[in-house]
Number of protein chains: 2
Amino acid sequence: MDQVKLFNEYLNQQGLKNTSQRMVILEAFLASDSHLSTEELYLQLRADHPKIGYATVHRTLKLFAECGIAAERNFGDGQTRFEPVHGEEHHDHLICTKCGLIIEFEEPQIEKLQESVAAAHHFTIKNHRLELYGLCAACAADGQ
Amino acid sequence: MDQVKLFNEYLNQQGLKNTSQRMVILEAFLASDSHLSTEELYLQLRADHPKIGYATVHRTLKLFAECGIAAERNFGDGQTRFEPVHGEEHHDHLICTKCGLIIEFEEPQIEKLQESVAAAHHFTIKNHRLELYGLCAACAADGQ
DNA sequence: AAGAAATTGAAAACGATTTTCAGAAACTAG
DNA sequence: CTAGTTTCTGAAAATCGTTTTCAATTTCTT
């Protein structure tokens, strides 16, 4: 896992310490389905590591976001979600409002158009979010 | 104001009552700059209507959203914002992360591409959000 | 192995939002 | 137009997710 190395480097760089909790949380985070909330990861971890507290999970996820191995997302359900960042590629999301399914996609043409919109308004884009909400194939088929 | 009529119809339809507070809040909401949070609208109203409580403002904004004359927005600053919905046209936002400036834009080509992405994943889009975060011209010019 | 510094977990604090509740106002119906 | 029913209001309290506090513990020097 390259992410583990990255995280350890970040810890050193910042004068932070490498603790067993942080390693456990990092591994669980990388291994898990993405788009986890603090709550979800905390509950998942509790099975094997009942001693790890909610605050530690939360602080560690924030650390991941800080050092760039996680991205914070907010899909409007009132919870902040975190997903592992693997490479450089940006992606956006399709979200099923019925079953909660989240699909990631990339569409370079949309990114290009965003740049031209920004340019027209003399804006410099630092980042963006694009989320498409609706029904996935299964839910659309299923009554409604 | 057509919005006023719409709102009154909605109230009747739902067996809700038309109160003076609701009318005052609706007028202030429609007249104001858009993208107001509950807090902001509440403070603004307090000047002329010191008796109107925060809870009432909040409940009324939710009502607006319910009946379609307002849209809820969340730009990641931890506050829910509401903007008047005037017609059918959808728009997206450019947000300056330095000064908070919000610019609205429309880009039909992006919408089209979204549809094709959704189709590729057998998704039915109900709505979407696209937000471009960065620096406006003034803030970009201004040091950083 | 000892000391300085950072981390942990539990609980408390926080900020935004939502709910509660008793009194007030709005809409029936008579 | 008045009584009765229902909804609404405002203040305060409750809630929810998130963040901070603090004493005890652990990590990482040296």
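Assorted remarks:
- Annotation for the B:A interface, with buried accessible surface near 2900 Å², both sides summed [1.4 Å probe; non-protein components not counted].
- Debye, to nearest 20: dipole size of the range A:2-84, +1 on Lys, Arg Cβ, -1 on Asp, Glu Cβ: 340 debye
- Label points for B:ASP77 are taken 7 Å from Cα along Cα→Cβ. From this copy to the others they lie 2.7 nm apart, shortest first.
- Across the range B:65-82, computed HN-Hα scalar couplings (Karplus, 6.51 cos²θ - 1.76 cosθ + 1.60, θ = phi - 60°) run 5, 4, 8, x, 8, 9, 10, 7, 10, 9, 9, x, 9, x, 10, 7, 10, 10 Hz from first to last residue, x flagging Gly and Pro.
- For chain B, the longest principal axis of the C-alpha atoms and the axis of helix B:20-31 are separated by about 30°.
- Using a 7 Å projection from Cα along Cα-to-Cβ, the label point at A:GLU104 is separated from the same position in the remaining copies by 3.3 nm, smallest value first.
- Radius 15 Å from Cβ of B:PHE64, net charge of other residues (Lys, Arg +1; Asp, Glu -1): -1
- Measuring against 22 Å, Cα to Cα, the residue pairs B:LYS62/B:LYS112; A:LYS5/B:LYS98; A:LYS98/B:LYS17; A:LYS98/B:LYS126; B:LYS98/B:LYS126; B:LYS17/B:LYS51 contain B:LYS62/B:LYS112; A:LYS5/B:LYS98; A:LYS98/B:LYS17; B:LYS98/B:LYS126 as the ones spanning a longer distance.
- Computed Kirkwood radius, in angstrom, where 1/r is averaged over Cα pairs of the range B:1-72: 12.2 Å
- Amide H contacts under 5 Å for B:LYS98: B:CYS136, restricted to partners 5 or more places along the chain or on a different chain, H placed in the peptide plane at 1.01 Å from N.
- Taking a ≥ b ≥ c as the square roots of the eigenvalues of the Cα gyration tensor, an a/c ratio of 1.5 or more together with a/b no larger than b/c marks chain A as oblate.
- Between the amide H of A:ARG81 and those of A:ARG73, A:ASN74, A:PHE75, distances stay under 5 Å, these residues lying 5 or more places away or on another chain, with hydrogens modeled in the peptide plane.
- P(r) histogram, all alpha-carbon pairs of the protein assembly as shown included - 10 Å bins from 0, percent: 5, 21, 28, 26, 15, 4, 0
- Carbon + sulfur, % of accessible area of the protein assembly as shown - ligands and nucleic acids excluded, 1.4 Å: 49 percent
- The mean number of Cβ atoms from other chains found within 10 Å of a Cβ in peptide A:132-140 is 5, as a whole number.
- For B:96-102, mean number of other protein chain Cβ atoms within 10 Å: 1
- Each Lys and Arg contributes +1 and each Asp and Glu -1, all at the Cβ; summed about the Cα centre of the range A:1-143, the dipole is approximately 680 debye.
- With respect to chain B, whose longest principal axis is taken over its alpha-carbon atoms, helix B:2-13 is tilted by about 60°.
- Other copies of A:HIS122: label-to-label distances in nm, shortest first, labels 7 Å along the beta-carbon direction: 4.9
- Selection from B:HIS93, B:GLY134, B:HIS122, by position along the positive dipole direction of the range B:92-141 (Cβ): B:GLY134
- Here, the range A:92-141 is characterised by an Rg to Rh ratio of 1.13, where Rg is the alpha-carbon radius of gyration and Rh the Kirkwood radius.
- Take each residue of peptide B:68-80, count the partner chain Cβ atoms within 10 Å of its Cβ, and average: the result is 1.
- Each stretch of four or more DSSP H residues adds -39500 (n - 2.57); spread over every residue of chain B, this sum gives -13500 deg cm²/dmol at 222 nm.
- Degrees between helix B:108-120 axis and first principal axis of chain B (Cα, 0 to 90, nearest 10): 80 degrees
The values are calculated or read from the model by the stated rules, or taken from the named source; none is laboratory data. Quick caveat, the model's predicted, so the values are computed rather than measured. Don't worry about glycine lacking a Cβ; one is built from the backbone with ideal geometry, like all the others, and counts go over all protein chains shown. The accessibility values were calculated without ligands, DNA or RNA, using every heavy atom of the protein model including side chains. Shrake-Rupley method; radii C 1.70, N 1.55, O 1.52, S 1.80 Å.
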